[in-house]
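Here is the structure we will look at.
The values are calculated or read from the model by the stated rules, or taken from the named source; none is laboratory data. The shown structure was predicted, so the numbers you read here are calculated from the model rather than taken from an experiment. Neighbour counts run over all protein chains shown; Cβ positions are idealised from the backbone, glycine included.
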Amino acid sequence: MVDYLAELKTSIADGLNSVFEYKIDASEIHLAETKKEFQGAYTLVVFPFTRTLRKKPVEIAEQLGSWLQDNRPQVVQGYNVVKGFLNIEVPHHFWHSVLAQIYEAEHHGIPTMDSTKVMVEFASPNTNKPLHLGHIRNILLGWSMSKILEAVGHPVCKTQIVNDRGIAICKSMLAWKLYGDNETPETSSIKGDHLVGKYYRKFNEALQEEYLKWQSSEEGIRIYKDRDNQALPGDQFFKQYKNQYFNQYSRLGHEAREMLLHWEEGDTDVRALWERMNGWVYDGFNTTYENLGVTFDKLYYESETYLLGKDIVQQGLDSGDFYRADDGSVWVDLEDRGLDKKILLRSDGTSVYMTQDLGTAKMRYRELGAKRMIYVVGDEQDYHFQVLFEIVKKLKEPYADGLYHLSYGMVDLPTGRMKSREGTVVDADDLIAEVIQEVRHAAIERGELEDISQSERENIYRQIGLAALKFFLLKVNAKKRMVFDPKESVDLQGQTGPYIQNAFVRIKSIRRKLQEEDIDLDTSSYQQLDPSEIDLIKSLMTYGETVAKAATTHEPSLIASFAYELSKKFHKFYHDVSILKAESDSARAFRLQLSDHVATVLEHAMFLLGIEMPVRM
C-alpha cells in the first residue's frame, strides 16, 4: 500500500507539472479513500489548486485524470470526476500484488515500534468482595492492551496490585468475627470471594442498624439538634453523613479501625483471620480469572508495598518535598501544579492508598525495570492518578515521565447503576454464566450443533458467550460510560463478538468442503475484481496501521471496530459473489486466498481482544 500510494502521489505531481507547469512535492499531496457511493479507490481533492492554477476544479480534475490514464496506465486504470474530486481507479493487478504481499508479510503487517518494557496493571481488586461487571471491563481492557503492546514489539509484564489491607477489608473481617459463626466456603458451599462479600454487606447493614438506634439516643438527638438536617429521614441522613458517623460515633467503626491498627502492629490473631479470609478470596478470584482466560506475570500486594511507601514519605519529609501537619499527619502541597494538598500518612501513622501506590511504583521499577507503567483504573480515580504522577515527578523518580492512567467509564446495566455496599452489583461469575446460558438457549432453539458431543457443544457455547461479553465491553471507547445488555451482546446480526465469529466460521466451513479437492492457486488470470473484493483488500491493508494506532492511543476499541467492519465486508462479499461456484478456477482460487486471509486477520484481531474463535456455530 505504501509503495503504491507513493507511486500514485509521484504520478500526480508529475501530471500537475506536465499539464499545468505546477511544481509540487509528492509528499504534499493528500489522498483519501473514495467514498462508497462513487467508483474508485482513492480520491484527490483538487480545490487547493484552483487559486494557483486559475481554473475551475472540474477542469483541473478532468485534465489531470486524462493525463494520468494516458501516461501512467500502470498506476491509474481509470478515473471519474465529481465536482472538485478526482476519483482514481486502481489497476486490478495492483490488488493481486497487495494480496500477495499481505500473505507474505510477517506479523500480519504490524509494525514493530520499540522494545521498551511496559508494565500493565489491571484487575487490582479489594479482598472484601467478589469481582463484578466493572472489574470485568477493567480486566478485559488491561488484557487486550497487553496483547496489543506485545504485538507492536513491547515486552509486557501483566500485573495487579491486590488491595489486601485497609479499613474495607477490616469491615468484612469484623462482620465475620461478629456474625459468621465460623462459616467457611466448604460449610456454606459459597465461593470464597462471594462469602467474604456477604460479610462486607453484612457490616454495612449492621452499621445502618446501629445508626438508627443511635439516632434516637441522647447523643444522637443532641447531634441532630446541632444540624440543619433534622427533617431528613434517618436513611437519607445516614447516607449523607455515614462517613462522619463511622469515624466519630460508631461502635462498629471504632472496632474496625482498632482492627486495622492491630493488623499494622502485627497482632497474631488479627493476622491469622486476615490470611484465612484473604485465602478464600484469592481462590475465588483465580476461578474467575481462569474463566475469563486471564493470567498475570507478577502479583503485588498492598500489605507488602505500603511500608516502602512509608519509607518514601519519610524521604520526602527529609528532602522538604512533604510536610508534617500539627496533628502529626504528613501531606504534600501540589497547589503550584494546579492541584491541592494531599494527605500521605494519617495522624495515627496509618497509610493511605497514595502511600501504597508510591511504594508499588518504585518496587516495580526496581524489580521489572519498567520505565513505562500503565494503570487500568476507572475514571472515578482520575484525580488520584493526577496527584500520584505529580508526586512522582516532584520526587524526580527516573520513571516519572512513563506513567499513564488508562481511565475508563463505569458500566451500567439496563436496570441502572450497581452498588456493592447494597448488594446490587452483578457478580462477574454470574454474568459470565448468564451470557453463556443466553448462547446455549439460542443454539438449542435453532437446533444447532446437535451432531457433536455435549462437551464440544459446551466448549463452543463458552467461546461464543465469552466473545459476546468481551467484545461488547471492548467495542466502546474506554473513556465512555456504557450499558451492558446480555441479550444484545449475543445478537448474531449486530455489532457483536458472535457476528464476527460467524464470519470466521463461514470461511472455515468453506475450507472443510474443499478438504478433498486439489485447489489451483493460480489467480493471475482473474482480472475483473468485484467491488466487495477490493473493499476487503483495502481493509486488510490497514490492519497493521490500526494495531499500531491502538497501541499508541491505548484504545482496544479500534481493534474491535476494525474486526466488525472487516466481518461486515466479508458477509457482503459472501452474499455478492460465489466462492465455491466462481466463474473460473482462477476467480475461485483468488476468493479462497482472500477469504483465508480475512479469517487469519480476524482470528488475530480477536486474539488481541482476548477472544477465541470457534470452528462451528
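How many residues, within region 1-18, are surrounded by fewer than 12 Cβ atoms within 10 Å (Cβ to Cβ) and either closer than 21 Å to Val81 by Cα or over 35 Å from the mean Cα position of the chain (by Cα) (or both)?
Of the residues in region 1-18, 0 are surrounded by fewer than 12 Cβ atoms within 10 Å (Cβ to Cβ) and either closer than 21 Å to Val81 by Cα or over 35 Å from the mean Cα position of the chain (by Cα) (or both).
Does region 285-309 hold any residues that are surrounded by 19 or more Cβ atoms within 10 Å (Cβ to Cβ) and either farther than 22 Å from Gly134 by Cα or acidic (Asp, Glu) (or both), and which are they?
Glu302, Ser303, Thr305, Tyr306, Gly309
Restricting to region 562-578, name every residue that is touching a helix residue (DSSP H, G or I) at 6+ places or on another chain (Cβ under 7 Å) and under 15 Å from Phe504 (Cβ atoms).
Phe562, Ala563, Tyr564, Glu565, Leu566, Ser567, Lys569, Phe570, His571, Phe573, Tyr574 - these are the residues of region 562-578 that are touching a helix residue (DSSP H, G or I) at 6+ places or on another chain (Cβ under 7 Å) and under 15 Å from Phe504 (Cβ atoms).
Is at least one residue of region 73-80 closer than 30 Å to Asp297 by Cβ and touching a Gly at 6+ places or on another chain (Cβ under 6 Å)?
No, because not a single residue in region 73-80 is closer than 30 Å to Asp297 by Cβ and touching a Gly at 6+ places or on another chain (Cβ under 6 Å).
Inside region 316-336, can you point out the residues that are surrounded by 14 or more Cβ atoms within 10 Å (Cβ to Cβ) and touching a residue at least 12 places away in the same chain (Cβ under 8 Å)?
Once the filter is applied, which keeps residues that are surrounded by 14 or more Cβ atoms within 10 Å (Cβ to Cβ) and touching a residue at least 12 places away in the same chain (Cβ under 8 Å), region 316-336 yields Gly316, Leu317, Asp321, Phe322, Ser329, Val330, Trp331, Val332, Leu334.
Being acidic (Asp, Glu) and either outside any helix (DSSP H, G or I) or in contact with a Pro (Cβ under 9 Å, 6 or more places away or on another chain) (or both) is the filter here; which residues of region 272-319 pass it?
Asp283, Asp297
From the list His571, His597, His575, which residue is within 28 Å of the chain's Cα centre (by Cα) and under 30 Å from Ile444 (Cα atoms)?
That would be His571, the only listed residue that is within 28 Å of the chain's Cα centre (by Cα) and under 30 Å from Ile444 (Cα atoms).
Yes or no: Ala443 of a type outside the set (D, E, K, R) and either part of a helix (DSSP H, G or I) or in contact with a Cys (Cβ under 8 Å, 6 or more places away or on another chain) (or both)?
Yes, satisfied.
Got a number for residues in region 117-167 being assigned to a strand (DSSP E or B) and either under 25 Å from Ala467 (Cβ atoms) or charged (D, E, K, R) (or both)?
6
Mind checking which pairs have a first residue in region 267-288 that is more than 16 Å from Ala256 (Cα to Cα) and a second that is at pLDDT below 95 and part of a helix (DSSP H, G or I), Cβ under 6 Å, 6 or more apart or different chains?
Sorted first by the residue in region 267-288, then by its partner, the pairs are Thr288/Ala428; Thr288/Asp429.
Scan (1) at positive phi; (2) surrounded by 11 or more Cβ atoms within 10 Å (Cβ to Cβ); (3) not polar (S, T, N, Q) for the single condition Glu21 breaks and write down its number.
(2)
Can you name the residue in region 499-524 that is in contact with an Asp or Glu (Cβ under 8 Å, 6 or more places away or on another chain) and surrounded by fewer than 18 Cβ atoms within 10 Å (Cβ to Cβ) and, of all such residues, is modelled with the lowest pLDDT?
So, considering only residues that are in contact with an Asp or Glu (Cβ under 8 Å, 6 or more places away or on another chain) and surrounded by fewer than 18 Cβ atoms within 10 Å (Cβ to Cβ), the one modelled with the lowest pLDDT is Asp520.
Does Phe573 fit the bill of being in a helix (DSSP H, G or I) and surrounded by fewer than 17 Cβ atoms within 10 Å (Cβ to Cβ)?
Against the criterion (in a helix (DSSP H, G or I) and surrounded by fewer than 17 Cβ atoms within 10 Å (Cβ to Cβ)), Phe573 does not qualify.
So, Leu31, is that one touching a residue at least 12 places away in the same chain (Cβ under 8 Å), surrounded by 13 or more Cβ atoms within 10 Å (Cβ to Cβ) and under 35 Å from the mean Cα position of the chain (by Cα) or not?
yes
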